[in-house]
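Asks: Here it is, the structure in full.
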Amino acid sequence: MPFTATDFPGLLIYEPRVFNDDRGYFFESYNYNTFTEGGATMTFVQDNQARSTYGVIRGLHFQLNPNAQTKLIRSLSGTILDVVVDLRVGSPTFGRHFSIELSAENKKQLLVPRGFAHGYSVLTETAEVLYKCDGFYHKESEGGLMYNDPTLNIDWKVPAGKEMVAAKDLVLPNIEDCKTNFTI
């Protein structure tokens, strides 16, 4: 199977089979049957795409139940450090973070289940990110965590003073003050 399990329940790395030849390459970035056989049975309903420059940190974001989202994240160009934080009360990895480099070159994707905060930093001059969601955007359900929460101690691989963070993300709570309704 093209999936690699992580230590976080439900968090999977997807590595598609890539067919290279003298014309370039071809791969299936998503195939319902492949995902279902791998245990990923959600139905995606929305695609989001963003382009950002070096040092941008987006996140850490989530939507509360009943509007939580499973996401499948990949980089179309450039390299990002994709980061998730498990917010599911009762999970053995509750309050811990996981990170992985996703790039146009490695073609890896991260399948993030509901109950995780998600964000990424841009490690190349620019990056374009595409993520599929199994639920629609719902503004009233938005939540988030402070990207530089000292308890989480996330290394975003961007030097201090080089990060670019949206004003709305600079007022998010630390994990101990974050209100969620996720359980496992």
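Asks: Take the range 122-147 and flag every residue that is part of a loop (DSSP other than H, G, I, E, B) and surrounded by 18 or more Cβ atoms within 10 Å (Cβ to Cβ).
Replies: The answer is LEU123, ASP134, GLY135, LEU145, MET146, TYR147.
Asks: Here are some residues: THR43, THR6. Which one is open to solvent by 70 Å² or more (accessible area, probe 1.4 Å) and either touching a residue at least 60 places away in the same chain (Cβ under 8 Å) or within 17 Å of the chain's Cα centre (by Cα) (or both)?
Replies: Testing whether each residue is open to solvent by 70 Å² or more (accessible area, probe 1.4 Å) and either touching a residue at least 60 places away in the same chain (Cβ under 8 Å) or within 17 Å of the chain's Cα centre (by Cα) (or both) leaves just THR43.
Asks: State which residue pairs qualify: first residue over 17 Å from ASN67 (Cβ atoms) and inside the range 171-184, second residue open to solvent by 50 Å² or more (accessible area, probe 1.4 Å) in any location, beta carbons under 6 Å apart, and separation of 6 or more residues or different chains.
Replies: If the second residue must be open to solvent by 50 Å² or more (accessible area, probe 1.4 Å), the pairs left are ILE175/THR151; ILE184/GLY90.
Asks: Which residue pairs have Cβ atoms under 7 Å apart, sit 6 or more places apart or on different chains, and have a first residue in the range 112-128 that is under 12 Å from VAL158 (Cα atoms) and a second that is open to solvent by less than 10 Å² (accessible area, probe 1.4 Å) and acidic (Asp, Glu)?
Replies: Taking only residues 6 or more apart or on different chains, the pairs are TYR120/ASP82.
Asks: What tally of residues in the range 49-78 results from selecting those that are assigned to a strand (DSSP E or B), in contact (Cβ under 8 Å) with a residue 60 or more places away in the chain and open to solvent by 40 Å² or more (accessible area, probe 1.4 Å)?
Replies: 5
Asks: Across the range 162-180, what is the number of residues that are open to solvent by less than 70 Å² (accessible area, probe 1.4 Å) and either in a loop (DSSP other than H, G, I, E, B) or closer than 23 Å to ARG51 by Cβ (or both)?
Replies: Qualifying residue count for the region: 9.
Asks: Just to check your reading of the model, which residue among VAL89, VAL83 is at pLDDT 95 or above, hydrophobic (A, V, I, L, M, F, W, C) and either within 23 Å of ASP47 (Cα to Cα) or open to solvent by less than 20 Å² (accessible area, probe 1.4 Å) (or both)?
Replies: Numbers: VAL89 fails: either within 23 Å of ASP47 (Cα to Cα) or open to solvent by less than 20 Å² (accessible area, probe 1.4 Å) (or both).
Result: VAL83 is the single residue among VAL89, VAL83 that is at pLDDT 95 or above, hydrophobic (A, V, I, L, M, F, W, C) and either within 23 Å of ASP47 (Cα to Cα) or open to solvent by less than 20 Å² (accessible area, probe 1.4 Å) (or both).
The values are calculated or read from the model by the stated rules, or taken from the named source; none is laboratory data. Predicted model, so just to flag it, every value in this text is computed and none were measured. When we count neighbours, we look across all protein chains shown, and the Cβ atoms used for this are built from the backbone with ideal geometry, even at glycine. Areas reflect the complete protein model, heavy atoms only, side chains present, ligands, DNA and RNA absent. Shrake-Rupley method; radii C 1.70, N 1.55, O 1.52, S 1.80 Å.
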